[in-house]
Amino acid sequence: MIKSDAQRDRTLAQIEGFRQALAKVEQEKPGKRSAAIRGSYESMIRQLEDELGEYDQLKSGALTLPHIERLDQIAPFIAKIRIAKGVSQTELARRLGVSKQVISRFEENEYQTVAISRLQEILDAIGIKAAVTLRA
């Protein structure tokens, strides 16, 4: 998943690199090897374009959150929420009083290692209200 504008730019460059490599392969003599390589490049391009599309959609503010039953299901959505709310990693770090590298590490691990109290601080910092219901 693309989590920053810098990653978006790198992804665009990767797509262009794969397209150039694909163009070279298409000039080669047809065969099993070139077909396999071509398929691999096309697959990578599609995957990267899908990630780019998801990031651009999130940047536009479009995000539909699913119903979440467990606290441990929240973490994978935090980066998506942050992006959709227009909050950069740098801005979130500033709001929390930590370095951008800390936020980057949290997001590399999809916030799985973050304590619940810190998770609440993060949600507060990006303007998300969480309602929790406990049932026996």
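The values are calculated or read from the model by the stated rules, or taken from the named source; none is laboratory data. A quick note: this is a predicted structure, and the numbers were derived from the prediction, not measured. Because the Cβ atoms are built from the backbone with ideal geometry, glycine has one as well, and the counts that use them run over all protein chains shown.
Let's see how each residue does on (1) touching a residue at least 12 places away in the same chain (Cβ under 8 Å); (2) basic (Lys, Arg):
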| residue | (1), (2) |
| --- | --- |
| Glu42 | yes, no |
| Glu49 | yes, no |
| Arg70 | no, yes |
| Ile74 | yes, no |
| Phe77 | yes, no |
| Lys80 | yes, yes |
| Ala84 | yes, no |
| Asn109 | no, no |
Worksheet item: Within segment 60-74, is even one residue β-branched (Val, Ile, Thr) and surrounded by fewer than 17 Cβ atoms within 10 Å (Cβ to Cβ)?
Response: yes
Response to the item:
Scanning segment 90-136 for residues that are among the hydroxyl-bearing types (Ser, Thr, Tyr) and farther than 20 Å from His67 by Cβ gives Thr90, Ser99, Ser104, Thr113, Ser117
Fill in: Residues satisfying the stated conditions in segment 84-136, i.e. surrounded by 14 or more Cβ atoms within 10 Å (Cβ to Cβ), of a type in the set (Gly, Ala, Ser) and in a helix (DSSP H, G or I)
Ala84, Ala93, Ser104, Ala125
Fill in: Filter pass, Leu22 being among the hydrophobic types (A, V, I, L, M, F, W, C), at pLDDT 90 or above and touching a Ser or Thr at 6+ places or on another chain (Cβ under 6 Å)
no
Response to the item:
Filter segment 111-136 for residues that are among the β-branched types (Val, Ile, Thr) and in contact (Cβ under 8 Å) with a residue 40 or more places away in the chain; the one that is nearest to Asp72 (Cα to Cα) is Ile116
Worksheet, complete the sentence: When every residue in segment 28-49 that is of a type in the set (D, E, K, R) and within 12 Å of Phe18 (Cβ to Cβ) is compared, the one surrounded by the fewest Cβ atoms within 10 Å (Cβ to Cβ) is Arg46
Discussion item. Given the options Ile45, Ile2, name the one that is at pLDDT 90 or above, in contact with a helix residue (DSSP H, G or I) (Cβ under 6 Å, 6 or more places away or on another chain) and over 20 Å from Val87 (Cβ atoms).
Written reply: Ile45
Worksheet item: Would it be correct to say that Glu54 is assigned to a helix (DSSP H, G or I), of a type in the set (D, E, K, R) and either assigned by TED's automatic domain parsing to the domain that holds Tyr111 or under 28 Å from Ile128 (Cβ atoms) (or both)?
Response: yes
